[in-house]
Amino acid sequence: MEKKGILIIGAGGVSTVATTKCAMNIDTFEHITLASRTVSKCEEIAKSVKEKTGVTIDTTSIDADSVPTLIELIEKLNPKVVLNVALPYQDLTIMDACSATNTHYIDTANYEHPDEAKFEYKEQWARDEDFKSKNLTALLGSGFDPGVTGVFVKYIEQNFLDTIEFIDIMDCNAGDHGYPFATNFNPEINLREVSANGRYWEDGKWIETKPLEIRVDWDYPEVGVKPSYLLYHEELESLSKNIKGLKRIRFFMTFGDSYIQHMNCLQNVGMLGIESVEHKGMMITPIEFLKTLLPDPASLGPRTHGLTNIGCICEGLKDGVRKKYYIYNICDHQECYKETGAQAVSYTTGVPAMIGTKLVYNGTWDLKGAVNVEEFDATAYMEELMTQGLPWKVIELDI
Ligand code: NDP
């Protein structure tokens, strides 16, 4: 039987946007099923999608930690592509179920083990041969960062520079949700990332920094000057491997003083711990308990105002002349909310998740194996960004 339609797994903020945007592109996707651990969240998204787009989608529950359960569902639905917008913990089980059922795979974040605050592509890249041998695509990291940032770099390489030597990825969220402390996407994943040591790549080596040790004050177009802190981010691993001639790549993200004060305090008292502790005869994991207390990122949409600006500064050579380009997208939290019911951090992830899925689904992106976005021709993706809600701009900067 011909494989048809898509299966989306996960029903959080990113899924809300990705599912809505897939429904807006139903001519490509033909049929959508949304599955997650808590089926009522899928039903809520389905209701909103119907109201916003008129498209009816199917919903069901799934335990995405179980490969046999995933295989059973995928065999029953027979989709052409699975979009994983659950958590990074589920990447490998969903990849393995896709491979077993000859189904293309897309995600937005690289694999992380729940018991170790460390993310890397090693185990996903290890499945490259398996996907290749089955003529399947596993598109890794098609969110904004990773995702659009890799496509931006590839676009600059294809159109503006012969060699890119230096890349700084600049991620600014200038939105205000009115809470003293909340995270814009899954709190556990977010806090594990920010509280870890920083790392960047220079001259073929990784250089480690203390958490938030390196700060620059960057003037983001339409937003203004914001303190931006060096973090390790997963696209550094793939871009340092895939962009030939690169000498240095770094990643910076903005954080307000209140966010940093709260995070340091939580860290100091052990609330970011990922190891279980005994509390009144029960075993609890501090960071999981903290997630229960914090506002659900999916609920921030109506109360978040302001802009995001995420982009890449690429410096290198064109015909022997040194040049520097800044390519970025600006998003307005409230505009995103009006369109999809979610704030800009979910929007900037969910739209590219849909675009990656669309290009794999319609065969425009047809490399096989476990591949990162910058390995493909950037043209079609950049055109989709312009028309699907994430317009971008390139400006030349002084050297
Ligand atoms: P949420 O926590 O809001 O949503 C995650 C969803 O996955 C929830 O619906 C959850 O179910 C579901 N889920 C978790 N475990 C399982 C399981 N075992 N089986 C089935 N479903 C499960 O996360 P976000 O929407 O904020 O983020 C989604 C993904 O996007 C994450 O991987 C995140 O790292 C990534 N991301 C990527 C970015 C990028 O730019 N590349 C930026 C931001 C996020 P339940 O509702 O029952 O808890």
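The values are calculated or read from the model by the stated rules, or taken from the named source; none is laboratory data. The model shown is predicted, which means the values in this text are computed figures rather than measured ones. As a convention, Cβ positions derive from the backbone with ideal geometry for all residues, glycine included, and neighbour counts pool all protein chains shown. Note: areas computed on protein heavy atoms with side chains; ligands, DNA, RNA excluded. Shrake-Rupley method; radii C 1.70, N 1.55, O 1.52, S 1.80 Å.
Of all residues in segment 10-26, which are within 12 Å of the ligand (Cβ to nearest atom), at negative phi and either in a helix (DSSP H, G or I) or out of contact with any helix residue (DSSP H, G or I) (no Cβ under 6 Å at 6 or more places or on another chain) (or both)? Gly13, Val14, Ser15, Thr16, Val17, Ala18, Thr19, listed by residue number.
Comparison of Glu2, Glu43, Glu30 shows that the only residue that is of a type in the set (Asp, Glu), open to solvent by 10 Å² or more (accessible area, probe 1.4 Å) and at positive phi is Glu30. For the residues Lys338, Lys318, the requirement of being touching a residue at least 60 places away in the same chain (Cβ under 8 Å), basic (Lys, Arg) and either under 30 Å from Gln267 (Cα atoms) or open to solvent by 10 Å² or more (accessible area, probe 1.4 Å) (or both) singles out Lys318. All of (1) within 14 Å of the ligand (Cβ to nearest atom); (2) outside any loop (DSSP other than H, G, I, E, B); (3) open to solvent by 10 Å² or more (accessible area, probe 1.4 Å) hold for Leu83 with one exception: (3). Which ones in segment 27-65 are more than 10 Å from the ligand (Cβ to nearest atom), among the small types (Gly, Ala, Ser) and part of a helix (DSSP H, G or I)? Within segment 27-65, Ala46, Ser48 qualify. Is one or more of the residues making up segment 159-169 modelled with pLDDT of 95 or more, within 18 Å of the chain's Cα centre (by Cα), within 12 Å of the ligand (Cβ to nearest atom) and not in a loop (DSSP other than H, G, I, E, B)? Yes, there is a match, as at least one residue in segment 159-169 is modelled with pLDDT of 95 or more, within 18 Å of the chain's Cα centre (by Cα), within 12 Å of the ligand (Cβ to nearest atom) and not in a loop (DSSP other than H, G, I, E, B). With Glu213, Glu193, Glu222 as the choices, which residue is surrounded by fewer than 15 Cβ atoms within 10 Å (Cβ to Cβ), of a type outside the set (S, T, N, Q) and either in a helix (DSSP H, G or I) or in contact (Cβ under 8 Å) with a residue 60 or more places away in the chain (or both)? Every option except Glu222 fails the conditions. Number of residues in segment 291-314 that are crowded, with 19+ Cβ neighbours inside 10 Å, modelled with pLDDT of 95 or more and not hydroxyl-bearing (Ser, Thr, Tyr) equals 7. Looking only at residues of segment 11-27 that are β-branched (Val, Ile, Thr) and surrounded by 24 or more Cβ atoms within 10 Å (Cβ to Cβ), we find that the one that is nearest to Thr108 (Cα to Cα) is Val14.
When the residues of segment 86-109 are filtered to those that are under 16 Å from Asp130 (Cβ atoms), part of a loop (DSSP other than H, G, I, E, B) and touching a residue at least 60 places away in the same chain (Cβ under 8 Å), the one that is farthest from the ligand (Cβ to nearest atom) is Asn102. Assessment of segment 39-46 against the conditions (under 24 Å from the mean Cα position of the chain (by Cα) and of a type in the set (Asp, Glu)) yields at least one matching residue. For segment 139-158, residues that are over 22 Å from Gly389 (Cβ atoms) and under 13 Å from the mean Cα position of the chain (by Cα) total 1.
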